[in-house]
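Beneath this line is the structure, given in structure tokens, with notes to follow.
Since every read-out is calculated from the coordinates, none of them should be taken as a lab result. Since this is a predicted model, take the numbers as computed values, not measurements. Because the Cβ atoms are built from the backbone with ideal geometry, glycine has one as well, and the counts that use them run over all protein chains shown.
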Ligand code: GLN
């Protein structure tokens, strides 16, 4: 997935802070220019309405933990949030019912299998394994007290504005999501779904059909980088503990079966969606929201991944990178 090495991109040493604002803005523009012409990947078509997406669109947004916003390219283009909603619904559920319940009912380990796998459920005695694959996401949505209204209100608080439903995508997915309906029935047969399967799939499909922009994604995920406080609206959306736990799950499972490769190259909690969005979160610093509809085989945006790899390196975001402290001291 990351065959082009980035040796020409200077690796910024970890400082605990982002570079100054003009430098962040410049590096964002640089990453956008570098990948805007990349045409690898295909638009998702298993949801018929998504096949009509404009594959030329490409937007990069970065919102710092103090609310400072940087934009490059098509950051105001609307698209449906799809699986990225799973991250924010998980945060709401953790906030409402806590760490232990999510661990027990859903799980937090990677399946190593595609996001819509049915086999993963059978291989794991009906455990959905984690809240980022469809089975786990449907089970997680069912745990949120308040149903659709709570999902809609919660995701809107993350975005700092009332998000609208894309009725066309909702209809298109509802008419064709036999696989998700099968998954919900299977969860029910294992006693793992806290609600009626048709209803839970309906709420889940609605949450996936909420319309966002790359800028919205950056604001929403910057809230996860800022201990649950939306840095633009100043509202405390969820607790800092709920953010911490959400980011741990995103690190392990956010990019599905390619999560290991993602960490190896980028080193950040992240989540993708089949309409082409990605969020990548640098705790305490800020977050990236990217949009480009061309996807790799796991359903992750190709340009979005490359841009995140570039920015993780150039902005010094990789969580696993360190510089030898003793050496820094010795060198003065
Ligand atoms: N709504 C989509 C589905 O359930 C979301 C999948 C995704 O974005 N990976 O299939």
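Exposure proxy ranking for 294, 155, based on other Cβ atoms within 10 angstrom of each Cβ and starting from the fewest, stands as 294, 155. Each peptide in 79-88, 187-196, 59-68 was scored by the mean count of other Cβ atoms within 10 Å over its residues; highest first, the order is 79-88, 59-68, 187-196.
Summarising the overall dimensions of region 232-332 from its C-alpha atoms, the Rg and Dmax are 15.2, 50 angstrom. Compared with the rule-of-thumb size 2.2 N^0.38 Å for a compact globular protein, region 134-227 has a Cα radius of gyration ratio of 1.13. Could you work out how far helix 21-35 tilts from the main Cα principal axis of the chain, as a 0 to 90 degree angle to the nearest 10? Helix 21-35 sits roughly 70 degrees off the main axis of the chain.
Length, then width, then depth: along the principal axes, the Cα atoms of region 60-218 run 46, 35, 31 Å. Computed on region 204-247, the Cα convex hull volume stands at 84 Å³ per residue. Angle of helix 134-143 to the longest C-alpha principal axis of the chain, folded into 0 to 90 degrees and rounded to 10: 80°. Estimated translational diffusion coefficient (Stokes-Einstein, Kirkwood radius over Cα pairs, 10 °C, 1.306 mPa s) of region 226-276: 132 µm² per second.
Where does helix 147-159 land angle-wise versus the long Cα axis of the chain, in degrees 0 to 90, nearest 10? Tilt relative to the chain: about 10 degrees. Treating each Cα of region 105-161 as one equal point scatterer and applying the Debye formula with no solvent, the log10 of I(q)/I(0) at q = 0.14, 0.18, 0.20 Å⁻¹ comes out as -0.44, -0.64, -0.72. Of 117, 156, 162, the sequence from fewest to most neighbouring Cβ atoms within 10 angstrom is 162, 156, 117.
Equivalent ellipsoid of the chain: semi-axes from √(5λ) of the C-alpha gyration tensor, largest first, are 31, 21, 19 Å. Over the chain, dividing the summed -39,500 (n - 2.57) contributions of all DSSP H runs of at least 4 residues by the number of residues returns a 222 nm mean residue ellipticity of -13500 deg cm²/dmol.
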